[in-house]
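Notes follow the structure.
The values are calculated or read from the model by the stated rules, or taken from the named source; none is laboratory data. Keep in mind that this is a model prediction, so the values were computed, not measured. When we count neighbours, we look across all protein chains shown, and the Cβ atoms used for this are built from the backbone with ideal geometry, even at glycine.
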Amino acid sequence: MRLFKIFPALQLWIKCLGTVYLIYLSLLIACSHSELQSDVQQRPLTFLHGALFQWVNAKAWVVAMGAIVGFTNSGADYVYESVLVAAVFLAVGLPCVGVWLVFGVVLKKYLGNSVRQRYFNYTMAGLLLLSVVPVCLDIIMQFTSG
């Protein structure tokens, strides 16, 4: 991306901020103790509202920036590579959303028990922290290599 050529340190700062944010999210997940059962049924987001929400979804921005930075070059094929990354995200993302919905229904029943919910939250927080380890190692390498 041209922006990274103009500001070479920007990519590192985005990695650092994204990593800090994901670590913060893992702490929130580990400390979360909410009641899943409710008498009031919330209305789900419409498709349009869900699509619009992605523009302010920090996790979506971190993933999108990471994919573009990680899987594209700033050469002549940049537009082609960006469209290819977007197509892969679409092809993989749509089926994953369906699986995510099914798991959500099953997990809601399973996590009705507060002990199970606490262990689940600890496991998810740990997995999120584990997923950040390679990025942390990359950041350390960038800082130590000068």
Original post:
For region 1-22, how many residues meet the condition of being β-branched (Val, Ile, Thr) and surrounded by fewer than 15 Cβ atoms within 10 Å (Cβ to Cβ)?
Top reply: 2
Original post:
Of the conditions (1) at pLDDT 85 or above; (2) out of contact with any Phe, Trp or Tyr (no Cβ under 8 Å at 6 or more places or on another chain), Asp39 fails just one. Which one is it?
Top reply: (1)
Original post:
Does Ala87 satisfy the criteria of being in contact with a Cys (Cβ under 9 Å, 6 or more places away or on another chain) and among the small types (Gly, Ala, Ser)?
Top reply: no
**OP:** Quick one: which helices (runs of 4 or more DSSP H) lie wholly within region 40-146 and hold at least 2 residues that are among the hydrophobic types (A, V, I, L, M, F, W, C) and touching a residue at least 40 places away in the same chain (Cβ under 8 Å)?
**Re:** 58-71, 114-144
**OP:** Could you figure out which of (1) modelled with pLDDT under 90; (2) out of contact with any Gly (no Cβ under 9 Å at 6 or more places or on another chain) isn't true of Met65?
**Re:** (2)
Original post:
Does region 12-30 contain any residue that is assigned to a helix (DSSP H, G or I), out of contact with any helix residue (DSSP H, G or I) (no Cβ under 7 Å at 6 or more places or on another chain) and over 23 Å from Asp138 (Cβ atoms)?
Top reply: yes
**OP:** From the list Ala86, Ala58, pick out the single residue that is under 15 Å from the mean Cα position of the chain (by Cα) and either within 29 Å of Leu111 (Cβ to Cβ) or surrounded by 11 or more Cβ atoms within 10 Å (Cβ to Cβ) (or both).
**Re:** Ala58
